[in-house]
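No value in this document is a laboratory result; all are computed from the given coordinates. If you're wondering where the values come from, they're calculated on a predicted model, not measured in any experiment. Cβ atoms come from the backbone with ideal geometry, glycine included; neighbour counts cover every protein chain shown.
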Amino acid sequence: MPRKKCYRHVEGNPNTTFYKPAGIPLRELETVVLTIDEYEAIRLADLEGDYQETAALKMQISRQTFGRILTEAHKIMADALINGKAIKIEKEQY
């Protein structure tokens, strides 16, 4: 049985929960899900410019875990941008 996920500190919820390519109705698009952890990792590393060690401390997780979350978030974002998919930001239940 997998371990229970640990609590991760996230600074507030995003104001917007969907992003999509312009000019295409959402019902016609494939959707990828970006978890709130992945959203926060992108915010800290890419928007705020924090190093992984500093960002991991802010999220109260290890640097290795932060790196894995950020890598997965980048893959999801790249898939959506390159393949024209909608992005749904979804809060995980702990």
Checking the cross-link filter: which aspartates and glutamates have an alpha carbon closer than 20 Å to that of LYS75, excluding same-chain neighbours under 8 positions apart?
GLU30, ASP37, GLU38, GLU40, ASP46, GLU48, ASP50, GLU90, GLU92
In the set (1) 3, 13, 22, 23, 18, 11, 6, 3, 0; (2) 3, 15, 27, 25, 16, 8, 3, 2, 1, 0; (3) 2, 12, 16, 16, 11, 9, 9, 7, 6, 5, 4, 2, 1, 0, which value of P(r) over Cα pairs in 5 Å bins from 0, in percent was calculated from the structure you see?
(1)
Per-residue HN-Hα couplings for the stretch 62-70 [Karplus 6.51, -1.76, 1.60; θ = phi - 60°; Hz; x = Gly/Pro]:
6, 4, 5, 5, 4, x, 5, 4, 5
Ordering of 17-23, 77-83 by burial proxy (mean other Cβ atoms within 10 Å per residue, highest first):
77-83, 17-23
Return a whole-number percent for the relative contact order of the stretch 37-94, with Cα pairs under 8 Å and 6 or more residues apart as the contact set.
32
Label zone at GLU30 (point 7 Å along Cα-to-Cβ), backbone N below 16 Å, the stretch 60-88
75-88
With the chain treated as a Gaussian network of Cα nodes joined by springs under 10 Å, which of GLU53, GLU28, GLU11 yields the largest mean-square fluctuation?
GLU28
